[in-house]
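What follows is a single structure, written as structure tokens, with notes after it.
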Amino acid sequence: MDAPQLIDLLRRHARLIQKIAYAYCRNAADREDIVQEVAVQLWRSHDRYDARYRETTWIYRIALNVAISFHRRERRHVEHRLPIELHAVTIAAADVAPSDDVQLLLRCIEDLSALDKALVLLHLDDNDHTAIADVLGISTSNVSTKLGRIKHRLRAALAQHTRPNGGSDGAR
């Protein structure tokens, strides 16, 4: 891959890479670092790209690995994490402020592990279970199981936050 091909690849998949950076990075400088590191890793690994898989699968895998590694390193240095950037899911509609429900969902997603957060991101991007399995290196059935468990946890967390005073709604 020569420089013009890399630039073309980065342009075609900029939103994907930026979305992952937004989900794992606290501030603009960190997100820029992640995007640059993803570009470097794409450049270094282009000769290992397996054409049997979609190009986006390869890019997701590299971008998520870079972002998760950054997130883990950063977490060691910072005692308290800041909430997920609200643009992670709403990047496509940048001029529209996310609703309170979306903000609450994003806060709940922030509490997930790095792998579970990656799984949710891929799912929200309408990837099928096979594509998610390819990106994360897990089985398709594991994707289904994990998604089911994550959805259950998110529903419980959302229900907890939507009850008056965060407590029981009195229904039995």
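The values are calculated or read from the model by the stated rules, or taken from the named source; none is laboratory data. Predicted model only: the values in this text are computed from it and were never measured. Here Cβ is always computed from backbone atoms with ideal geometry, including for glycine, and neighbour counts include all displayed protein chains.
Which residue pairs have Cβ atoms under 9 Å apart, sit 6 or more places apart or on different chains, and have a first residue in the stretch 16-36 that is within 18 Å of Leu119 (Cβ to Cβ) and touching a residue at least 24 places away in the same chain (Cβ under 8 Å) and a second that is of a type in the set (Phe, Trp, Tyr) and in a helix (DSSP H, G or I)?
Leu16/Tyr60; Ile20/Tyr60; Ala21/Phe70; Tyr24/Phe70
Where in the stretch 1-113 are there helices (runs of 4 or more DSSP H), lying wholly inside it, with at least 1 residues that are at pLDDT 85 or above and touching a helix residue (DSSP H, G or I) at 6+ places or on another chain (Cβ under 9 Å)?
It comes to 3-12, 14-24, 28-45, 55-77.
Among the residues of the stretch 112-161, what is the count of those that are among the acidic types (Asp, Glu) and in contact (Cβ under 8 Å) with a residue 40 or more places away in the chain?
Counting residues in the stretch 112-161 that are among the acidic types (Asp, Glu) and in contact (Cβ under 8 Å) with a residue 40 or more places away in the chain gives 2.
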